[in-house]
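S.K.: So that we are looking at the same thing, I have put the structure below in structure tokens.
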Amino acid sequence: DAGVIQSPRHEVTEMGQEVTLRCKPISGHNSLFWYRQTMMRGLELLIYFNNNVPIDDSGMPEDRFSAKMPNASFSTLKIQPSEPRDSAVYFCASTRQGTREQYFGPGTRLTVT
Amino acid sequence: DQQVKQNSPSLSVQEGRISILNCDYTNSMFDYFLWYKKYPAEGPTFLISISSIKDKNEDGRFTVFLNKSAKHLSLHIVPSQPGDSAVYFCAAMDGSEKLVFGKGTKLTVNP
């Protein structure tokens, strides 16, 4: 089975530009999570969806961040406008209903200059 | 305020010996604990978990121990192998689906 797929793997952009990160969860998984990893704060949850519905977005840092899940096999995390402090590795994870172990994608390394 | 703490940023052990990674937590609502392993440029990989109703869970070379009264858990790897060299994250959940991670311990297993 394919794991969680994220694209792009690397993104370099200039401050002020819009950035869109993409995630395809494991087929059959019904919960999807977006995390951000930085040196200072470690791995932190930004938002998660259950059956395509956003459940908790309390970790989203600012209104510049938004996430959508239009269907069970696709989610996006958008940053508009991007700032240098958004530079981090962004991970997507998914899990199947009734289980608690989350499976992570390879991450997107975002650099905002 | 960190709810999950891994106080040792790094650990170095010899191949064949035991590796012990420690984790402390502060939130008494946590009822499920997980360990993840992470290699550079990859996502975290689930390793082993334990429910708060247990005090030990074993899977091959990996054993997790939970001491609820001390709010402490540990991961034992026996015997350690060079391929175990990675960053290990402790994570915890309350009744929700939210994972709270520690900052990780980098394990180096020397041949």
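S.K.: Of the conditions (1) away from chain B (no Cβ under 14 Å); (2) of a type in the set (D, E); (3) touching a Ser or Thr at 6+ places or on another chain (Cβ under 7 Å); (4) within 28 Å of B:T105 (Cα to Cα), A:E14 satisfies every one except a single condition; which number is it?
M.R.: All conditions are met except number (4).
S.K.: If we scan region B:38-46, do we find a residue that is in contact (Cβ under 8 Å) with a residue 24 or more places away in the chain and farther than 24 Å from A:S58 by Cα? Working first, answer last.
M.R.: Initial filter on region B:38-46 (in contact (Cβ under 8 Å) with a residue 24 or more places away in the chain): B:38-39, B:44.
Retained after the next criterion (residues that are farther than 24 Å from A:S58 by Cα): B:38-39.
Yes, the conditions are met somewhere in region B:38-46.
S.K.: Restricting to region B:52-72, and then to whatever is surrounded by 13 or more Cβ atoms within 10 Å (Cβ to Cβ) and of a type in the set (S, T, Y), can you tell me which residue is nearest to B:Q14 (Cα to Cα)?
M.R.: Among residues in region B:52-72 that are surrounded by 13 or more Cβ atoms within 10 Å (Cβ to Cβ) and of a type in the set (S, T, Y), the one nearest to B:Q14 (Cα to Cα) is B:T63.
S.K.: Scan region A:32-51 and give yes if some residue there is in a strand (DSSP E or B), over 29 Å from B:Q6 (Cα atoms) and touching a residue at least 12 places away in the same chain (Cβ under 8 Å), otherwise no. Steps first, answer last, please.
M.R.: We begin by selecting, within region A:32-51, every residue in a strand (DSSP E or B); these are A:32-38, A:42-50.
Narrowing the set further to residues that are over 29 Å from B:Q6 (Cα atoms) leaves A:50.
Then drop every residue that is not touching a residue at least 12 places away in the same chain (Cβ under 8 Å), which leaves A:50.
Yes: one or more hits.
Residue-wise test of (1) under 12 Å from the mean Cα position of the chain (by Cα); (2) within 15 Å of B:V87 (Cβ to Cβ); (3) part of a strand (DSSP E or B).
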{"position": "B:V13", "(1), (2), (3)": "no, yes, yes"}
{"position": "B:N27", "(1), (2), (3)": "no, no, no"}
{"position": "B:W35", "(1), (2), (3)": "yes, yes, yes"}
{"position": "B:E42", "(1), (2), (3)": "no, yes, no"}
{"position": "B:A70", "(1), (2), (3)": "no, no, no"}
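S.K.: Applying the selection to region A:91-113, what residues are in a strand (DSSP E or B) and farther than 17 Å from A:S31 by Cβ? Let's see the steps before the verdict.
M.R.: Filtering region A:91-113 down to residues in a strand (DSSP E or B) leaves A:91-95, A:103-104, A:108-112.
Within region A:91-113, A:T108, A:R109, A:L110, A:T111, A:V112 meet the criteria.
S.K.: Being under 10 Å from the mean Cα position of the chain (by Cα), under 23 Å from B:W35 (Cβ atoms) and surrounded by 16 or more Cβ atoms within 10 Å (Cβ to Cβ) is true for just one of A:A93, A:A67, A:A88. Which residue is that?
M.R.: Numbers: A:A67 fails: under 23 Å from B:W35 (Cβ atoms); A:A88 fails: under 10 Å from the mean Cα position of the chain (by Cα).
So the residue among A:A93, A:A67, A:A88 that is under 10 Å from the mean Cα position of the chain (by Cα), under 23 Å from B:W35 (Cβ atoms) and surrounded by 16 or more Cβ atoms within 10 Å (Cβ to Cβ) is A:A93.
S.K.: Within region B:73-85, is even one residue within 14 Å of another protein chain (Cβ to nearest Cβ), in contact with a strand residue (DSSP E or B) (Cβ under 7 Å, 6 or more places away or on another chain) and surrounded by fewer than 21 Cβ atoms within 10 Å (Cβ to Cβ)?
M.R.: No: region B:73-85 contains no residue that is within 14 Å of another protein chain (Cβ to nearest Cβ), in contact with a strand residue (DSSP E or B) (Cβ under 7 Å, 6 or more places away or on another chain) and surrounded by fewer than 21 Cβ atoms within 10 Å (Cβ to Cβ).
Every number in this text was worked out from the coordinates using simple rules, so none of it is lab data. Note that the coordinates shown come from a computational prediction; the quantities given were computed from them, not determined experimentally. Cβ atoms come from the backbone with ideal geometry, glycine included; neighbour counts cover every protein chain shown.
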